[in-house]
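The values are calculated or read from the model by the stated rules, or taken from the named source; none is laboratory data. This one's a predicted model, so the numbers in the text were calculated from it and none came from an experiment. In this analysis, Cβ positions are derived from the backbone assuming ideal geometry, glycine residues included, and neighbour counts consider all displayed protein chains. SASA here: full protein model, heavy atoms, side chains in, ligands and nucleic acids out. Shrake-Rupley method; radii C 1.70, N 1.55, O 1.52, S 1.80 Å.
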Amino acid sequence: MAKIVTVTIDGVKVEAPEGELMIETAKRIGHHVPNFCYYPKLEPAGLCRMCLIRIEGQPKLQLGCNTRITDGMAIDTISDAVETGRRAQVEFLLLNHPLDCPVCDKGGECVLQDYAMAYGDVASRSGMPKMNKPKAVDLGPTIVLDEQRCVLCQRCVRFDNEITWERNLVTAARGVYTIIATEGDEPYDSYFSGNTVELCPVGALTSKTYRFKARPWDVKPTLTTCTQCPVGCSMFADSRFDVLQRTRYDHETADPHGDPAGDWICDRGRYNLSYHTDERRLSMPMVRSGEDQWVDLAWSDAVDLVAKTLQDAAEHFGPQSVGAIGGGRLTNEESYLLQHLVRGLGSPNLDYRLHDELMTTPGRLAARVHDLDDASLIIEVGTNSVELAPVFDLRVRYAVQRRGATLVHLGDVKPNWPIHFRHFPTGGDAASLLQEATENVRRGEDLPKRAGEPPTHALARLLRGAERVVVIWDGRGTAEAAAIERLVETLRDADKGAGVVIVGYAANARGAEAMGMHPALLPGYRPAPQAGLDTEGMLRAAARGALKALLICGANPLLAYPNGALVRAAIERVPFIVTTELFMTQTAVKSHVVLPVKSSFEKAGSTVTMDGEVKKLAVSATPQGGEPLTDREILFMLGDAMGIAMPNEAELEDLAAAAAAPELQQPLRLTASAFVRPARQSVSGEGDLTVHAVPRLYAGGGTSAHDIEFEPLRPHPSAYLHPDEAARLELEDGDVVSLRNALGSIDGLTVATTKMVAVGSIGVIAELPEAPANVLADSFGAVRANVALVRKGRQTANLAGAHGE
Ligand code: SF4
Ligand code: SF4
Ligand code: FES
């Protein structure tokens, strides 16, 4: 805790922590010190010299952004001398800055405009022509740079170096010729590129998706929550005439002194927006009238048809013949209604889980995301936070790079971390590695470091030397659950703070679990009196013809479920499937009734982040055509049509809030009977290579696959091979191959060599509609297949996000 000192700013006495930057101390009394390069979450750089202030007793003006206060200082942020210095800086900047304001995207929210008004003169004293620099430099798939507008504050470069640690951006050349460029002239390839546009104090960096679309004063900002992944970033959604134009991170309410790696947004949340107005968006309820034929229905007819068919199935075949899958992409309120409706029909068959995960709520072993700030050891088990929880991953990177935490990954595919980490391959069995290391820790064995030691020794030594441990897990594997529980309890017994963060597979997986979209849990995690079928149980029942009606809300099991053979057989045999969706996804195409829904920007509600925080969604846009409704409206109508007593709106809000109460999660164990599943070890297919489905942030069959502006960012079907494996197979980057086993084939894969997969393995992108990885699997165990060359020769592989090894 820093000592509190007293300084005088502009004649006002101010108390503040010793060592605080003057620019921050001045804010305490509402005095703004102008700045370009300073940003509270970046290290001070002292580059632009706009923040001049005067310190009593010092002959020259000083920089407010990198001078720290000591007791008794007297500082002027307002004086003739300070003003003269700032005027000179603005004059220098305007010497070559173009007169672009009328056509500049930053116009209206540009600090150079503001400072030119406050400190600039009307006429330039220079008679020289302004220097010309390129005005539309393509930095990569997302960003355009106007070199003339750049004031060389290097906020963009510093963000890329200090927050993402990716080092894509650099400064090049010298003096007036200095420009912002990319390392090696490669495209700026980052999941976080859009943050630099926001950080840019002028209009030098612009987003390709927002250039020339709107002005700051004609968009309406709405504070809401991103629902593209479980992180649940707060963001502003800016709309013009009710059409979404852009999203921005929540810098207006975020604590500027909070974790520097928090409060940004990633490019999925920022650039995957134009699907809202995509012409492929579903507009009317539809009923199948033939193999590929659909007929539009009025909402009243569609609701009657669905309600009657669900009720008929329950009456004739028993309530057990009805099931529901979904919730991970719904609001809390919608998940609550969905389980209420299905349980009201008498069926306990419901589940939000689509990836064979056990849970998303870590319960009494939970760590909070901010625990990363104190962690000395971070162990990621199975999951891939780079791809599945990007902004959370920035905090992991920060903990490692700035706080010196050790990062360990247990799994068979290395994440694309641009930072140092230790990788422990597990051969699909992380549990054994964790168990043995934990027992080593329990026994307190002395394990001196030696060459060729088993990985368990290395891991045990790391655990014994750690002060605080955070485990990041994907919630998959009963054995992993038991091993992680034992590990965390062991560390807690040894007074080493430890906990678990679960990265779910859907944005509101945690909310769905809390709301009771679970076969063994009622809302608020209460045990259900009669456990129903989970997703796999429902699919197995469907495959043998026992499931007669399936309600799928905002889920795409045909693409996402790892056991592709099972889900395909199941979906073919259910006589009545009704799906609520924005687009004709792989699952919607196979349904019998499809109901169009509003997006997360078009509805209100609440969601639970992976950190357990309840956040609000607010309406920021309206559908531009058709008659989509919210899942909430649809479920209310279905409940009414089926005569099921539904809560009213006010009751629903209260019920959902009560079910998400944090204290209800505390007693949950990872090994609670509600989560345990039988061990699943069988192998799918035969072949030379073990196939790994590699998650990629921009994959998926819904909003990202139906967004023209997002299209350049989408990954192409790829076959990731270790360079040694590629050499053995006589394959090179750019060759086109197929991957086959007895169950199916994935075609059109472009070879990309990378050390993220081991020799003997091949990585294919998970949940990519063009090349669905699950066609090769008929179990949840390892998948084996053979690779076959289709075409020799270099093709363009889209490696967006696949930086590093
Ligand atoms: S592009 Fe923008 S953020 Fe980057 S140095 Fe130039 S003015 Fe600063
Ligand atoms: S990290 Fe997740 S929640 Fe945050 S902006 Fe990206 S996709 Fe959205
Ligand atoms: S804000 Fe202080 S030098 Fe740029």
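Points to keep in mind about this one:
- Split the accessible area of region 4-78 by element, probe 1.4 Å, and carbon with sulfur accounts for 48%.
- In the context of the full protein assembly, His32 retains an accessible surface of approximately 120 Å², using a probe radius of 1.4 Å and ignoring ligands and nucleic acids.
- Rolling a 1.4 Å probe across the protein heavy atoms gives the chain an accessible surface of 39 Å² per residue.
- MRE, 222 nm, helices only [DSSP H, n ≥ 4, -39500 (n - 2.57), over the chain, to nearest 500]: -7000 deg cm²/dmol
- Total formal charge among the other residues, if their Cβ is under 11 angstrom from that of Ser193, Lys/Arg +1 and Asp/Glu -1: -3
- Averaging Cα coordinates gives a centre for region 505-526 and one for region 43-118; these two points are 52 Å apart.
- Kirkwood Rh (inverse of mean 1/r, distinct Cα pairs), the chain, angstrom: 28.5
- Ser673 contributes about 110 Å² of solvent-accessible surface, heavy atoms of the protein only, 1.4 Å probe.
- Applying 1/(1 + (r/R0)^6) with r as the Cβ-Cβ distance of Glu291 and Arg791 and R0 = 41 angstrom yields a FRET efficiency of 0.80.
- Within the straight-line cut-off of under 16 Å between alpha carbons, the lysines reachable from Lys213 are Lys106, sequence neighbours fewer than 8 places apart in one chain being disregarded.
- Overall, the anisotropy analysis places region 423-549 in the prolate class: the square-rooted eigenvalues a ≥ b ≥ c of its C-alpha gyration tensor yield a/c not less than 1.5, with a/b exceeding b/c.
- Gain in span if fully extended, Arg450 to Ser124, counting 0.36 nm per residue against the direct Cα distance: 110.4 nm
- Principal axis dimensions, largest first and in whole angstrom, of region 4-78 by Cα: 27, 27, 19
- Counting only protein heavy atoms and using a 1.4 Å probe, the accessible area of Leu61 comes to about 50 Å².
- Loop GluC sites (Glu not before Pro), region 270-328, which have at most 11 other Cβ atoms in a 10 Å radius of their Cβ (DSSP): Glu279, Glu291
- Among Phe576, Phe212, Phe710, the sequence by solvent-accessible area, most first, with a 1.4 Å probe is Phe212, Phe576, Phe710.
- Accessible-area rank, largest first, for Asp371, Asp80, Asp631: Asp80, Asp371, Asp631, with all protein chains present and a 1.4 angstrom probe.
- Rounded, prolate or oblate (a/c below 1.5 giving rounded, otherwise prolate when a/b exceeds b/c) for region 363-502 by Cα gyration tensor: rounded
- Accessible area of region 363-502 belonging to carbon and sulfur atoms, whole % at 1.4 Å probe: 44
- Placing pseudo-labels 7 Å out from each Cα toward the beta carbon at Ala650 and Glu109 gives an inter-label distance of 3.8 nm.
- Asp733, Asp146, ranked by accessible area, largest first (probe 1.4 Å): Asp733, Asp146
- Note on Lys220: aspartates and glutamates with a C-alpha under 20 Å away, same-chain residues under 8 apart excluded, are Asp105, Glu109, Glu198, Asp238, Asp242, Asp250, Glu252, Glu602.
- FRET efficiency estimate (nearest 0.05) - Cβ-Cβ, Ala546 to Glu439, R0 51 angstrom: 0.70
- Additional length obtainable on full extension of the chain from Asp429 to Ala214, 0.36 nm per residue less Cα span: 72.2 nm
- Separation of alpha-carbon centers, region 435-450 and region 190-228, rounded to whole Å: 50
- Applying both filters, DSSP loop and at most 14 other Cβ atoms within 10 Å, to the trypsin sites (Lys or Arg not before Pro) of region 12-114 gives Arg28, Lys60.
- For region 142-254, alpha-carbon Rg and Dmax in angstrom: 15.2, 45
- Full extension of the chain between Thr8 and Lys308 yields a length gain of 100.5 nm, computed as 0.36 nm times the residue separation minus the alpha carbon distance.
- Under 22 Å from Lys13, Cα to Cα: lysines that are on another chain or at least 8 residues apart: Lys3, Lys27
- Simple spin-label estimate for Asp495 and Val176 in nanometres, 7 Å along Cα-Cβ: 6.6
- Of the accessible area of region 134-271, computed with a 1.4 Å probe over protein heavy atoms only, carbon and sulfur atoms account for 53 percent.
- Pairwise label distance in nanometres, Lys755 with Ala679, each label 7 Å out on the Cα-Cβ vector: 3.4
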